[in-house]
Amino acid sequence: MIRYAVVGAGWISQEAFLPAVALTGNSRMQAIVSGSPDAAGKLAAFHGVPEVVGYDGYDALLASDQIDAVYIALPNDLHADYTIRALKA
């Protein structure tokens, strides 16, 4: 079972990624990383995601044994930073 964290809780996360993970049969959502904890909390509750982490907790989440993969759903100019941090972890 692949445990995902999605980084960013905007449209692409809500409409495409989160619903698709539920259909895979081999993956589940473990965390949402967001700068809007209230909105992310509601999204997490709707999709049954057990953890919401702020952007300041991203590196700690990466270092934990809670996730296996990340999906970066941020504006393009932020992709490299968050992807490189995930790769280093």
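The values are calculated or read from the model by the stated rules, or taken from the named source; none is laboratory data. Small disclaimer: the values here were computed from a predicted structure and weren't measured. Cβ coordinates were reconstructed from backbone atoms using ideal geometry, including for glycine residues, and neighbour counts include every protein chain displayed.
It is to be established whether one or more residues within region 43-52 are surrounded by 15 or more Cβ atoms within 10 Å (Cβ to Cβ), out of contact with any helix residue (DSSP H, G or I) (no Cβ under 8 Å at 6 or more places or on another chain) and either modelled with pLDDT of 95 or more or hydrophobic (A, V, I, L, M, F, W, C) (or both).
Yes; the residues of region 43-52 include at least one that is surrounded by 15 or more Cβ atoms within 10 Å (Cβ to Cβ), out of contact with any helix residue (DSSP H, G or I) (no Cβ under 8 Å at 6 or more places or on another chain) and either modelled with pLDDT of 95 or more or hydrophobic (A, V, I, L, M, F, W, C) (or both).
Tyr71 meets all of the listed conditions (1) over 16 Å from Met1 (Cβ atoms); (2) surrounded by 15 or more Cβ atoms within 10 Å (Cβ to Cβ); (3) among the aromatic types (Phe, Trp, Tyr) but one, namely (1).
What about Ser64, is it among the polar types (S, T, N, Q) and within 21 Å of Met1 (Cβ to Cβ)? Judged against the criteria, Ser64 is a match.
The residue list Ala63, Ala86 contains one member that is at pLDDT 95 or above and surrounded by fewer than 14 Cβ atoms within 10 Å (Cβ to Cβ), which is Ala63. Here's a check for you: in region 1-20, which residue that is touching a strand residue (DSSP E or B) at 6+ places or on another chain (Cβ under 8 Å), surrounded by fewer than 19 Cβ atoms within 10 Å (Cβ to Cβ) and aliphatic (A, V, I, L, M) is nearest to Asp77 (Cα to Cα)? The residue in question is Ile2.
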